[in-house]
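Notes follow the structure.
The values are calculated or read from the model by the stated rules, or taken from the named source; none is laboratory data. This one's a predicted model, so the numbers in the text were calculated from it and none came from an experiment. Cβ coordinates were reconstructed from backbone atoms using ideal geometry, including for glycine residues, and neighbour counts include every protein chain displayed. Note: accessible area is taken over every heavy atom of the protein model, side chains too, but ligands, DNA and RNA are not part of it. Shrake-Rupley method; radii C 1.70, N 1.55, O 1.52, S 1.80 Å.
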Amino acid sequence: MSRTRTALLAAMALVAGATGTAFAVDPGSAGIAAVPCTVDYKIQNQWSTGFTAAMTVTNNSAAKSSWSLKWSYAGNQKVTSGWNAKLSQSGAAVTAANETYNAQLATGASVSFGFQGSYSGSNAIPATFTLDGVTCNVDDGGPGGPTDPPDPGGPSTRVNNPYEGAKVYVNPEWSANAAAEPGGSRVAGQPTGVWLDRIAAINGAGGKMGLRAHLDEALRQKGSGELVVQFVIYNLPGRDCSALASNGELKADEIGRYKTEYIDPIKAILADPKYASLRIVTTVEIDSLPNLVTNTGSRPTAVPQCDVMKANGNYVKGVGYALNKLGDVPNVYNYVDAGHHGWIGWDDNFGPTATIMKEAATAEGATVNDVHGFITNTANYSALKENNFTINDTVGGKSVRESKWVDWNRYLDELSYAQAFRNQLVSAGFDSNIGMLIDTSRNGWGGAARPTGPGATTSVDTYVDGGRYDRRFNAGNWCNQSGAGLGERPKAAPAAGIDAYVWMKPPGESDGSSKAIPNDEGKGFDRMCDPTYTGNPRNNNNMSGALADAPVSGHWFSAQFRQLMQNAYPPLS
């Protein structure tokens, strides 16, 4: 953005602060290109503990059939009631969505709504507004206008929880896919992770945006506030040794290529001072490390390729190298993948997995200080919280741990697992301030099949099966699960020890093809993605539960996305 433009906006912001109004630059002003949307935020009345505000939103972009405006407060303002829009608030973040009667917003058209709020101390005007993920009141780089992202200001200050007080990046490519589906506009503005799952993804492959393009767009979305942008670092040599659908391009012994052709270029881009004001969250190498614990040696779940990766040490070396290099960038927050409760929750997996995490975090020059936290349930379906029974319940003298579903696991759901595993990681030597992320993108399990109470007490199995939200045949099932729904929407600091609920796996992107499909992405065919597959020891020989007609992993799967919306919990409005 030009300095002239920045200065003009800053000057107008000062005026807005003095008058209690935030208003947009006139798109007709000489030498200034039209902005994509404008927001007029006006405090009408204010008293010692409350205020009323009137807002007008003008759409200068393509016509909309629905809309969602978002902003965050710098203070402790709370919206208490509103009119002419559906208003909701989570922490400092506020969302105003259309009512049915004002959903249409033509190019050049405006919509107005208002609300009453409470506050104490100051009642500052919000700095940034986004309409369907696009920042308003700033130049969109259109004809006649600047094309650089907004001036990001100085470097971002490292914080304990990067998600608090920050917006989170909306990937425009995923958003467009979601919005193109019937009803998809309800979630198209949600933030999702960007997967760097092969070397070509760094610069962009198959017409998709590369890493720099996403970071530039993140700066544009950021405006003058704080913004988190989420990347999945996912290309270890011999990747996902137990799951063919997500095997990667690098062979088991290609640790050198991983370092020089994958991690080093990513680190160089993330370290560009241009991006110093962003809060960059990395999810580091999902799935692979836990395989070294659960799928090796004499275990019935052992896979020969996992024994190879344990012997050559390249998972540990690769994760350590990634943490070391990316951890050198001051505004990068590394979160290491920690599986999920249905994988790591058993006694013989729980402690050893924390130990292997510590080993990787201190390999290849890395230290535990390069780890900001851990993430669970990435791209998985484990329910966030099972409310209809507890791990301490008994039926007919039998513990729920004896049920076929729980199968002696100590954890029923992701929240209890993530909080307990955090404590285990601290005991293993990680910093006591580490935070956890939980991927809630596909673990809602709503819809007509969602139980409303405990199951029958005929047996421990009827009790658990009748009450559990997670409707999979087995907690080991992981590919395109039938009946799943969108889970909790992304939010910061939702529970003790949890930095955020996130949608790290973009809903609607396939886990793997349901039959063999030739591709140039190194992705194989895994029978766990085949709906006719009867299983293996890793899912106790249950049916796979996978949807039919799925494309290669990472490709858009329309039928899955529509089902996820249909079964969302909390439900979509």
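Per the Debye calculation on the range 354-497 with a single equal scatterer at every Cα and no solvent contribution, log₁₀ I(q)/I(0) for q = 0.18, 0.20, 0.22 Å⁻¹ amounts to -1.07, -1.20, -1.32.
Quick check: the distance between the Cα centres of the range 468-495 and the range 354-406, to the nearest angstrom? What the calculation gives is 14 Å, centre to centre.
Give the peptides 100-110, 536-546 in descending order of average Cβ contacts within 10 Å, highest first.
By packing density, highest mean first, the sequence is 536-546, 100-110.
Relative to the compact-globule estimate of 2.2 N^0.38 Å, the Cα radius of gyration of the range 161-205 comes out at 1.39. Hydrodynamic estimate: the Kirkwood radius of the range 290-347 over Cα pairs, inserted into Stokes-Einstein at 20 °C and 1.002 mPa s, corresponds to D of 164 µm²/s.
Within the accessible surface of the chain, defined with a 1.4 Å probe on protein heavy atoms only, the carbon and sulfur portion equals 52 percent. Take every pair of alpha-carbon atoms less than 8 Å apart whose residues are at least six positions apart; their mean separation over the length of the range 374-448 yields a relative contact order of 48 percent. Does the range 438-540 come out rounded, prolate or oblate by the C-alpha gyration tensor, with a ≥ b ≥ c the root eigenvalues, rounded set by a/c under 1.5 and, if not, prolate when a/b is larger than b/c and oblate if not? Oblate, since a/c reaches 1.5 and b/c is not below a/b.
So how strong a dipole does the chain carry about its Cα centre when Lys and Arg Cβ are +1 and Asp and Glu Cβ are -1, to the nearest 20 debye? Present the calculation step by step, with values, prior to reporting the outcome.
Values: 46 positive and 52 negative charges, 144 e Å.
Dipole of the chain, to the nearest 20 debye: 700 debye.
Find out how many positive minus negative residues lie around Thr260, taking Lys and Arg as positive, Asp and Glu as negative, among other residues whose Cβ is under 12 Å from that of Thr260. Around Thr260, the surrounding residues sum to +1.
Computed extension gain for Asn76 through Glu99, at 0.36 nm per residue and net of the alpha carbon distance, reaches 5.7 nm.
For Lys259, the lysines whose Cα comes closer than 21 Å to its Cα, not counting residues fewer than 8 places off in the same chain, are Lys251, Lys267, Lys310, Lys317, Lys325, Lys358, Lys523. Need one number: nm distance between label points at Asp347 and Val308, each 7 Å from Cα along Cα→Cβ, rounded to one decimal. Using points 7 Å along Cα→Cβ, the separation is 3.5 nm. The residues neighbouring Val406, those whose beta-carbon lies less than 12 Å from its own, together hold a net charge of -3 under the Lys/Arg +1, Asp/Glu -1 convention. Computed log10 I(q)/I(0) for the chain at 0.07, 0.08 Å⁻¹: -0.42, -0.55, from the Debye equation with unit scatterers placed on every C-alpha and solvent omitted. Scattering from the C-alpha atoms of the range 385-464 alone, worked out with Debye: what is log10 I(q)/I(0) at q = 0.19, 0.25 1/Å? Normalising to I(0) and taking log10 leaves -0.91, -1.18.
State in Å² the accessible area per residue of the chain; use a 1.4 Å probe, count heavy atoms of protein chains only, and round to the nearest integer.
Details: 21880 Å² over 573 residues.
Each residue of the chain exposes 38 Å² on average to a 1.4 Å probe.
Test of the criteria: in the range 467-536, which trypsin sites (Lys or Arg not before Pro) are in a DSSP loop and have at most 13 other Cβ atoms within 10 angstrom of their Cβ?
Working: sites: Arg468, Arg471, Arg472, Lys491, Lys515, Lys523, Arg527; in loops: Arg468, Arg471, Arg472, Lys515, Lys523.
When the trypsin sites (Lys or Arg not before Pro) of the range 467-536 are filtered for loop state and at most 13 Cβ neighbours within 10 Å, Lys515 remain.
Each Lys or Arg adds one and each Asp or Glu takes one away; over the other residues whose Cβ falls under 11 Å from the Cβ of Ser514, this sums to -2. Looking at the chain, the DSSP beta bridges with both ends there are about 65 percent antiparallel.
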